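We did not get these values from a lab; they are worked out from the coordinates using the rules stated. None of these values were measured; they are calculated from a predicted model. All Cβ positions, even for glycine, are placed from backbone atoms using ideal geometry, and neighbour counts span all protein chains on display.
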Amino acid sequence: MSSLNIGARALNANLAALQVIGNNIANVNTPGYSRQNVIQQTSGYQQMGNGYFGKGMEIATVERSHNAYLTREAQMTGSVAAADALRYARLQQLESAFPTGSAGLGSALNDMLNAWSDVASAPSNLTARVVVIAKGEELASRLRNTASQLDALQRTTQQQVEGAVNVINGLAQDLAKVNTRITESQGSGHTPNDLLDQRDQILGELSKLVQISTVPGDDGSVSVFVAGSQPLVLGARANALAAGRDSTDTSRTALSFVQGGVSTPLSDAGLGGGELAGLMRFMNEDLVATQNLLGRMALATATTVNNQHALGVDLKGNPGQDFFVAPAAATGLSAPGNTGTATVSAAVADPTALIASDYELRFDAGGINVVRLSDGTSTPVPALPAVVDGLTFNVDAGAAAIGDRFLLRPFEAAARNLQVAIGAPDRLAAASPVMVTPGTGNAGGLSVESLYASSASANLTDPVTITFLADGSFTATGLGPGNPPPDNVGPPASYNFKPGQSITLNGWSLTLRGSPGVGDSFSIGASPPGAIAQNAGNGTGMLALRDLPTFEGVPLSDGYVSLFSDVGTRVQGAEFAADFSGQIATTAETARTNVAGVNLDEEAARLLQYQQAYQASAKFLQIAQSTFDSLLQTVGR
């Protein structure tokens, strides 16, 4: 009987091995499946008079090929790769909103500024004036369209964030259920391989959405933590993430962790990797930075053009009005914990000093601080109103309490709301309120290139006479206060002269070319009303804006370059990060599958091995049965 038992057990064990191999082959393409192996062990021995004889073998269990370290590494690297890949894809969509060439914002901006050249050449030509207005409309339209594309991208990203949060919560529920089933199966003494594969599959899908850390429990379950230490799954209990509106700025999406009805805000930086982190980084960093750069371009352009246009005179002799609809001051958004009654705002003071950033106004016990959120720079101010980074921060009403915080986004709506204010060509202020008259005794070596009002000075139209001295410098009489001091103390006090370099005094800018002679003079004063139709001084001033350093030293005409280069740099950096992290994730996943994956060549060899073992066991059983039958026949006689 012992031989029959040995043969029967061997036959069953090898058949079980063949079944496991067949299961491996059947699941070769099943996601998350780990190769399974039959673990065999000896059935012990029995003592007989002439020694110890083995009792054959039996199946101990069926276990899966699994390496916890490689699995965890594949999950973590896959999480980072998913974040980088999704951010790169979103940035590519963002980049498509900023074309180059004739369809770009840079072309529209330069077309508007260059259109003033025809007005400067023929100030009474209404057609040239209509072209300027049309080019302004084109620029405003492109800025609005680009802003609407960014808004649409923000909305779809918010929807994608909400969808990712819902999937994460669903996976957390599934994981809690699998944990329960694994815990219930622990008493059997065998490993529930398929349940463990299912759990690893869920963990893998979770890690692609949000970076997780896992802690195994004594009962076989696993707990999952997100955002550092928030327990998304604790054994058989699942908590949840939530995506809602930011408590300060309702246009933004904020994440929170919900446990037992209590909501805890989550920081974007704490998410680590995963598609959710990539979406939040794109939405709250890349998209916000681009919106601010676009808004700064619109706000600086509109304010600069309006300021210069207001210094001119239109065909009816009226002072220039706003060319663009004046951008409204940005209203501060009150933090939820504020206890004061203040309302605050930020308006443009100097369009050439603007920094593309959001700001936070803090009323601390030690004073008032203006914090630039793009880099964390904090500027203390003694009181409000105060000018910081070209913006005037002001308390419009009420009073702030210590600890109050206000978020100000001065550039967020600038491009979205930009409109041209001028509709009639005769309202275009191309004329200058000041005129220059060369002295009758001038030698003729100097010529007037341009004269236009450059700032709103109270002494703009006061009569001023400049006279050149023998050393090439000049004196100026009739100047008002606030002008730069003379370069040479004298006597007489004089200013140095360089041909082609503007002379800026009393709020006007005069450019002369050539070589001055001793006694050459030029008189600057108010333009007579009858000369307005042929006066194009302010048209020349508008043309001069092209070279005005506006965007951190970049000329106004090149403002689009800084915007486009920032977007391009972000795309290139994201592409490199996505490629690099993708390669690391692929390597880690390959190492995991080398251990846990099904190799058909190996399974074929094992299939042949156990097939032969099964046939040998059957043959041994057949011989044992024949021997036993012969013994019975012999004894029975």
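Numerical summary
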quantity: Cβ-based charge dipole, the chain, positive-most Cα from GLN321, SER43, HIS66; calculated: SER43
quantity: Degrees separating the helix 287-309 axis from the principal Cα axis of the chain, which is the longest one; calculated: 10
quantity: Rounded tilt (10° steps) of 193-209 against the dominant C-alpha axis of the chain; calculated: 0
quantity: Exposure proxy ranking, count of Cβ atoms within 10 Å, fewest first, for VAL119, VAL381; calculated: VAL381, VAL119
quantity: The stretch 157-314 - charge dipole about Cα centre, Lys and Arg +1 at Cβ, Asp and Glu -1, debye rounded to 20; calculated: 220
quantity: Two-decimal ratio, the stretch 434-524, of alpha-carbon radius of gyration to 2.2 N^0.38 Å; calculated: 0.99
quantity: Net charge, LEU171 excluded, C-beta distance under 12 Å - Lys, Arg +1, Asp, Glu -1; calculated: +1
quantity: Within-12-Å neighbourhood charge of ALA414 [Cβ basis; K, R +1; D, E -1]; calculated: +3
quantity: Computed magnitude of the charge dipole of the stretch 328-411 (debye, nearest 20; Cβ of K, R +1, Cβ of D, E -1); calculated: 100
quantity: Cut-off under 5 Å, modelled amide H: who pairs with ASP364 long-range; calculated: ASN369, GLY403
quantity: Cα-only Debye scattering, the stretch 144-239: base-10 log of I(q)/I(0) at q = 0.19 Å⁻¹; calculated: -0.85
quantity: Equivalent ellipsoid, the chain (semi-axes from 5 times Cα gyration tensor eigenvalues, Å); calculated: 84, 26, 19
quantity: Sorted by Cβ neighbour density within 10 Å, fewest at the top, the residues ILE133, ILE25, ILE402; calculated: ILE402, ILE25, ILE133
quantity: Leading residue at positive end of dipole, the stretch 407-554 (Cβ point charges), from GLY525, VAL489, ASN535; calculated: ASN535
quantity: Acute angle (nearest 10 degrees) that the helix 68-95 long axis makes with the longest principal axis of the chain, alpha-carbon atoms; calculated: 30
quantity: Candidate lysines - alpha carbon under 28 Å from LYS177, same-chain residues fewer than 8 apart omitted; calculated: LYS208
quantity: Environment charge at HIS190 (Cβ cut-off 12 Å; Lys +1, Arg +1, Asp -1, Glu -1); calculated: -1
quantity: Separation of alpha-carbon centers, the stretch 383-430 and the stretch 1-21, rounded to whole Å; calculated: 85
quantity: Debye, to nearest 20: dipole size of the chain, +1 on Lys, Arg Cβ, -1 on Asp, Glu Cβ; calculated: 1320
quantity: Candidate lysines - alpha carbon under 23 Å from LYS498, same-chain residues fewer than 8 apart omitted; calculated: none
quantity: Whichever lysines have a C-alpha closer than 24 Å to that of LYS619, once near sequence neighbours (fewer than 8 apart) are set aside; calculated: LYS55
